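Each value in this text was obtained by applying a stated rule to the coordinates, not by laboratory testing. The structure displayed is predicted, hence computed values, not measured ones. As a convention, Cβ positions derive from the backbone with ideal geometry for all residues, glycine included, and neighbour counts pool all protein chains shown.
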Amino acid sequence: MKLEHEVIVGWIEKGSSVLDLGCGNGDLLAALVKEKQVKAQGIEIDEKAIYECVAKGLSVVQQDIETGLSEYLDKSFDYVILAGSLQQVKKPDPVLSAALRVGKKTIVSFPNFAHYRVRLQILFGGRVPVTPSLPFEWYETPNLHFLSISNFIEYCQKRGIHIERSAFLGRGSLKALPNLRAETALFVLSA
Amino acid sequence: MSKAANALGLVETKELSFASPPDELLLDSGEKLGPVTLAYETYGTLNDNKSNAILVMHALSGDAHAAGLHAGEQNPGWWDDMIGPGKGLDTNKYFVICSNVIGGCKGSTGPSSIDPRTEKPYALSFPSITIKDMVEAQRRLIDHLNIKKLLSVVGGSMGGMQALQWVVSYPDRMRSAVPIATTLKHAPQQIAFDEVGRQAVMADVNWRDGDYYGRPLPARGLAVARMVGHITYMSDASMAEKFGRQQKSNEQPSKFGADFEVEGYLRYRGDNFVKRFDANSYLYITKAMDRFDLLASKKLSEVFKGVKAKILLIAFKSDWLYPTYQSQEILKACKLSGVDATFVEVNSTYGHDAFLLEVNEETHLLKHFLEGVPA
C-alpha cells in the first residue's frame with residue numbers, strides 16, 4: 001500500500017462512513033473496506049476508473065466533484081477524503097467547503113510544492129519541477145494548483161478551518177521542517 | 001446462431017392468473033380489473049432460502065421472453081446476451097424471472113384480451129393502467145413464487161420505471177435495484193414522441209376507436225408510430241454508422257420509394273411491429289409511461305425515504321430519449337436519502353438502444369454489482 005494511503009487508513013476508525021472524492025481506481029477505498037470495514041462511497045469522473053471500482057465491489061458514482069456534493073446532507077459521512085485531488089479541481093475553495101459541510105471530518109492530502117527538490121529544480125534548473133510526488137511534465141499534469149504546506153496552513157487559518165491532525169511524508173514520516181522536506185502532506189480537518 | 005445464444009436452451013412462457021371477481025385488482029384509477037393473467041418466464045433455479053431471485057422487466061414493446069429459445073423459433077429472447085449461464089445475470093447462480101406487463105398483448109391481460117363479462121375483446125373498455133398497476137400485478141407473481149425478498153429488480157427504459165416503482169412501492173422486497181436508461185418521470189419531449197405515435201394509430205381509419213378486432217388492423221398507423229419510436233431509440237451517430245446515405249439498389253424506381261437504407265429499415269421495422277403488437281396496447285402502455293411521475297406527490301428528498309436497497313444506475317451518453325440528466329436526477333434522490341448508489345454513464349453511440357447493445361459494459365457492471373449485494 002502507498003504510504004499516503006497507509007496513513008489515511010490508520011487515521012480512520014473502524015466502521016466509519018467514508019466519501020472519497022476523486023477515488024480513481026478505488027485502491028484507497030478498497031483498503032479502507034478491508035482494513036476498517038468502512039461504509040464506502042466514491043465519486044470519480046473517469047468511466048474506466050468506475051469499472052475498476054465496481055470490480056472491487058465499491059459503490060461509486062461518475063460525477064465531477066466540483067458539482068457532485070450539493071445533494072449530500074450536512075455531516076452525512078464520518079469522513080470525506082480528498083486524497084491528492086484538491087489541487088486538481090478548478091476551484092479548490094468551494095470543493096473543500098462542500099467537503100467540510102458533508103463530512104464530520106475531512107482528510108486532505110496534496111504534493112508539497114515547497115519541497116527542497118522542487119525549489120532546487122526551479123532555482124538551478126530553471127524549469128517546472130518533476131519529482132516523485134509531482135511526476136508530470138507541465139504539458140500533461142492533472143495538477144491545476146501548486147501549493148505548499150505553509151500555504152495550506154495559512155489558508156486554513158484564514159478560513160477558520162480547524163486542523164485536527166497532520167502528517168508529512170518524505171522517505172518516511174517527518175517531523176522537522178516539513179515545508180522543506182516533505183513531498184506529501186496530509187491533514188485531518190473539521191469545520 | 002452462436003453457441004452462447006443457445007446456452008439456456010428451450011424455455012417456455014408461463015402464465016399466472018389471479019384477481020378473479022370479486023377479488024379484482026384495484027387499479028391506480030380506482031377501477032377494478034379481473035381476472036388478470038400475467039405472462040412470465042423463469043431461468044435458473046430458485047435456491048432453498050429463496051434469496052437468489054432477480055426480477056427483470058422489459059421496455060415498451062418487450063415481453064416475458066427475455067432469454068433462451070422458444071420451440072421452433074430461430075431468435076432468442078430480447079436480453080439473451082445478458083441472461084444465461086455465465087452471463088451478466090448468471091443463471092448458474094441466480095433465478096431470473098422476466099415478467100410481462102398488464103395492458104400488453106404478449107400473454108398478459110390487456111385491451112386485446114377477452115372481457116369475460118361481454119365475451120368480446122375489451123378494446124377501449126379496458127381501464128387505464130399505470131406503471132404502478134404493472135408492478136402491483138408483478139407483486140402478485142412474486143408472492144405466488146413465495147419470494148419474500150428479491151435479490152434485485154432490473155430493467156431498462158420502461159423496465160427501469162417499473163424497477164423504480166418497485167423500490168418506491170415495496171422498499172422491503174428487494175436488496176438491490178438496477179434502473180437502466182430511465183427516469184423518475186417522463187419529460188415533455190418523451191410525452192411528445194409518444195403522442196405522435198398515438199396520433200398516428202388513431203388517425204388510421206382502421207382504428208375505429210379501438211374497435212378493430214376481427215377486422216383489418218390499423219396497421220399503417222401503428223407502423224408509423226413504431227418508425228417514430230425507432231428514430232428516438234437511435235442516435236445521429238448510430239444512424240450514420242448503420243446506414244450512411246446508402247441507397248437501396250433493389251427498389252423499383254418511384255418518386256417516394258424507400259431510396260435510402262434508413263427508409264427501408266424504418267419501413268421494415270414498422271411493418272414487422274404490426275405483426276407482433278396490438279395497436280391499443282401501444283396506446284395504453286405509452287400513456288402509462290407518460291403518466292409515470294414518482295415526484296408527483298413526493299419531493300426528491302422523500303422519494304427513496306427508508307430505502308435500504310443498493311442501487312446501480314446506468315445511463316448512455318448518446319441516449320437523447322432518456323438523457324443522462326434523468327439518471328442523475330435519480331442519483332440526486334439517492335444521495336438525499338443516503339441510498340448506497342453506483343452511477344455510470346457509458347460512453348456509447350447507440351442512443352437509447354444502447355441498453356440492449358452495450359453488453360460488455362453491462363455484463364461487467366451487473367456481475368460485480370450483484371456479487372456485492374449483501375445477503
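Couple of notes before you dig in:
- Most simply put, the protein assembly as shown has about 40% antiparallel DSSP beta bridges, counting only bridges with both residues inside it.
- Longest segment of chain A lacking chymotrypsin sites (Phe, Trp or Tyr not before Pro) that sit in a DSSP loop with at most 14 other Cβ atoms within 10 Å: A:1-135
- Listed residues A:Asn25, A:Leu169, A:Ser85: farthest to the positive end of the dipole of chain A (Cβ charges): A:Leu169
- The long axis of helix A:27-36 is offset from the longest Cα principal axis of chain A by roughly 60 degrees.
- Exposure proxy ranking, count of Cβ atoms within 10 Å, fewest first, for B:His230, A:His145, B:His58: A:His145, B:His230, B:His58
- Pairs with C-alpha atoms separated by more than 23 Å, drawn from the list A:Lys14/A:Lys91; A:Lys34/A:Lys105; A:Lys2/A:Lys36; A:Lys2/B:Lys308; A:Lys75/B:Lys332; A:Lys2/A:Lys91, are A:Lys14/A:Lys91; A:Lys2/B:Lys308; A:Lys2/A:Lys91.
- Cα centroid separation, the range A:134-191 to the range B:231-264 (Å): 59 Å
- Computed Rg/Rh of the range B:1-145, alpha carbon atoms with Kirkwood Rh: 1.01
- Entries of B:Lys185/B:Lys310; B:Lys32/B:Lys185; A:Lys48/A:Lys158 with Cα pairs more than 30 Å apart: A:Lys48/A:Lys158
- Cleavage-rule hits, GluC sites (Glu not before Pro), the range A:122-191, DSSP coil, Cβ neighbours within 10 Å at most 14: A:Glu137, A:Glu140
- Annotation: the antiparallel percentage among DSSP beta bridges lying fully within chain B is about 35.
- Value of relative contact order over chain B, rounded to a whole percent, pairs C-alpha under 8 Å and six or more apart: 17 percent
- Within chain A, percent of DSSP bridges classed antiparallel, to nearest 5: 45 percent
- Here the range B:32-60 and the range B:297-347 have alpha carbon centers that stand 24 Å from each other.
- Restricting the trypsin sites (Lys or Arg not before Pro) of the range B:249-282 to loop positions (DSSP other than H, G, I, E, B) with no more than 14 neighbouring Cβ atoms within 10 Å leaves B:Lys255.
- Column: log10 I(q)/I(0), Debye, Cα scatterers of the range A:121-191, q = 0.17, 0.22, 0.24, 0.28 Å⁻¹: -0.76, -1.09, -1.18, -1.29
- Rounded if a/c under 1.5, otherwise prolate or oblate - the range B:190-288, Cα gyration tensor axes: oblate
- A straight Cα-to-Cα reach below 14 Å connects B:Lys120 with the aspartates and glutamates B:Asp211, residues fewer than 8 places away in its own chain not being considered.
- Mean projected area of the Cα convex hull of the protein assembly as shown, taken over all directions, amounts to 31.7 nm².
- Prolate/oblate/rounded label for chain B (Cα gyration tensor, a/c 1.5): rounded
- Sparsely packed loop sites in the range B:300-375 (the GluC sites (Glu not before Pro) outside DSSP H, G, I, E and B with at most 16 other Cβ atoms within 10 Å) comprise B:Glu302.
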